[in-house]
Amino acid sequence: MNDIKENEVEIERLVKEIELEIKDKSKNKKIESDKINNRLKRIKQILKSYRLDIRELPKIQQKPYQDKSNKFEEKIKELEDTLNWMEINKNDNNQYTSEDDYKVMIMKSKTIQQKDLKTVNQLNNTINSINNMGSTILKDMADQEEQMKRINKDMNKVDNNLKIANKYLNSIERG
């Protein structure tokens, strides 16, 4: 459990460092991309270790850590995308401009929008699945209701037949 917490702290620390370096780079300060890439590799290694540690936990305790792991992965991807865009869009003098900031923001917005669309599609699929299950259940319930009515009708017939048989038996006894 301590390893998990230590890994979380280390990942968060490295993410903050990378965010600061990217921010500095966007302000036209020269920062080596190799240094940032090495930190990204280190985060990925720690994340891998973090996920292995999570597997050792009981299933009940794993969910919150898996969610954190997924958030870390999304953050890493976002940092990589930002860094890649900065590298692609830097000017000839290796400086990053406000127009490049705009492009990065658009790229981030598109990424978020794609994630949102994926989530909406998953929700729609879930809703359709639930609706289909509901329809099936309603059909089954209607069939069962019909079956119960037939059983009740047959029970009434049996009850009437028993009453008639009882009358015949009583008349034979008197008889």
Among 98, 109, the single one that is open to solvent by 80 Å² or more (accessible area, probe 1.4 Å) and modelled with pLDDT under 90 is 98
Condition check for residue 118: at pLDDT below 95, in a helix (DSSP H, G or I) and surrounded by 10 or more Cβ atoms within 10 Å (Cβ to Cβ)
yes
Taking region 50-75 and keeping residues closer than 19 Å to residue 111 by Cβ and open to solvent by 80 Å² or more (accessible area, probe 1.4 Å) leaves 71, 73, 74
Can you find even one residue in region 38-47 that is modelled with pLDDT under 90 and either open to solvent by 70 Å² or more (accessible area, probe 1.4 Å) or over 23 Å from residue 115 (Cα atoms) (or both)?
yes
Taking region 45-77 and keeping only residues that are under 10 Å from residue 4 (Cα atoms) and aromatic (Phe, Trp, Tyr), one is left with 50, 65
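The values are calculated or read from the model by the stated rules, or taken from the named source; none is laboratory data. Computed from a predicted structure; not experimentally measured. Positions of Cβ are generated from backbone atoms using ideal geometry, with glycine treated the same way; all protein chains shown enter the neighbour counts. Surface areas here come from the heavy atoms of the whole protein model, side chains and all, with no ligands, DNA or RNA. Shrake-Rupley method; radii C 1.70, N 1.55, O 1.52, S 1.80 Å.
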